[in-house]
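A short write-up of the structure that comes next.
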Amino acid sequence: INTTTDILVRELPDIDITISGTNPICFGHFSELSFPVLAGTAPFNLNLLEGSTSSTLNIDAAGLIGGAPYQVSPTNTTTYTLTSVTDANGCSQNLSENKTLIVNEIPLVDVSGSTEICVDDITQIYFDFTAGLSPWTLSYDINGTNASPFALSNSSDSIAVSPTTTSVYTFTSITDANNCINNFTDAATITV
């Protein structure tokens, strides 16, 4: 008696990882991850390390989660590593693909220099930059009137001012070389 048996061999699932959103990002901002499907039958259970934290994601045939990319907002630079995947047929495979999302810090500055001067005297407003990447661009106003933004390159820097009347220099935002923005309020009052 001749007996034949058909054996169905399914391919092993395989998924890749891409940063489909912005990279790098600024602290507090979001980016997105997508998971291109290379082989296997959807849906997939994907095991992922987010830095050292393990997650399991349900990935559809388009490499998304419920039709949308996976939104992430890490607090520091994070490597996302695929560790294993199981498809709808129960086939599994270990993975090792990874991508790194860079997170840039928000720029910080301390403004000082409130003082008294005589008419025609010059004084300094001092800036101590404690975070962010040089050069830093500061937006400000003088007595409520917008002034042209200016850039400084040294972590400790200053500008010379010589107002003719008592003036309040109010600084409202700082942008660094990574285009990370910090909206803040700090002021220096120059009494004339």
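The values are calculated or read from the model by the stated rules, or taken from the named source; none is laboratory data. The structure displayed is predicted, hence computed values, not measured ones. All Cβ positions, even for glycine, are placed from backbone atoms using ideal geometry, and neighbour counts span all protein chains on display. Protein only, heavy atoms only, side chains kept; ligands, DNA and RNA dropped before computing areas. Shrake-Rupley method; radii C 1.70, N 1.55, O 1.52, S 1.80 Å.
For the range 1-57, the spread of Cα positions along the three principal axes, ordered from largest to smallest, is 72, 21, 14 Å. In the neighborhood of Gln93, defined by Cβ-to-Cβ distances under 14 Å, what is the net charge if each Lys or Arg adds +1 and each Asp or Glu adds -1? Local net charge: -4. Let a ≥ b ≥ c be the square roots of the eigenvalues of the Cα gyration tensor of the range 57-103; is it rounded (a/c under 1.5), or, if not, prolate (a/b larger than b/c) or oblate? Oblate, because a/c is 1.5 or more while a/b does not exceed b/c. The calculated P(r) of the range 31-144, using every Cα pair and 10 Å bins from 0, goes 11, 30, 17, 12, 12, 10, 6, 2, 0 in percent. Shown in residue order for the range 64-77 are the 3J(HN,Hα) couplings computed by the Karplus curve 6.51 cos²θ - 1.76 cosθ + 1.60 at θ = phi - 60°: 10, 10, x, x, 10, x, 7, 8, 10, 8, x, 7, 8, 3 Hz (x for Gly and Pro). About its Cα centre, the dipole of the chain is roughly 380 debye, where the only charges are +1 on Lys and Arg Cβ and -1 on Asp and Glu Cβ. Just one of (i) 119, 45, 36; (ii) 114, 25, 19; (iii) 40, 38, 30 is Cα extents along the principal axes in Å as worked out from the coordinates here. Which one is it? Given (i) 119, 45, 36; (ii) 114, 25, 19; (iii) 40, 38, 30, the calculated one carries the label (ii). If a spin label sat at a point 7 angstrom from the Cα of Ile142 along the line to its beta carbon, the backbone N atoms of the range 166-181 nearer than 14 Å would be those of 166-171.
By definition, a body whose alpha carbon gyration tensor gives a ≥ b ≥ c is prolate when a/c is 1.5 or more and a/b is larger than b/c, and the range 1-96 fits this prolate description. Amide hydrogen proximity for Asn104: with H placed 1.01 Å from N in the peptide plane, the residues at 5 or more positions away or on another chain lying under 5 Å are Ile25, Cys26, Phe27. Annotation: per residue accessible area for the range 138-183 equals 51 Å², rounded to a whole number [probe 1.4 Å, protein chains only]. Geometric descriptor of the range 88-151, per residue, is 185 Å³ (volume of the convex hull of the Cα atoms).
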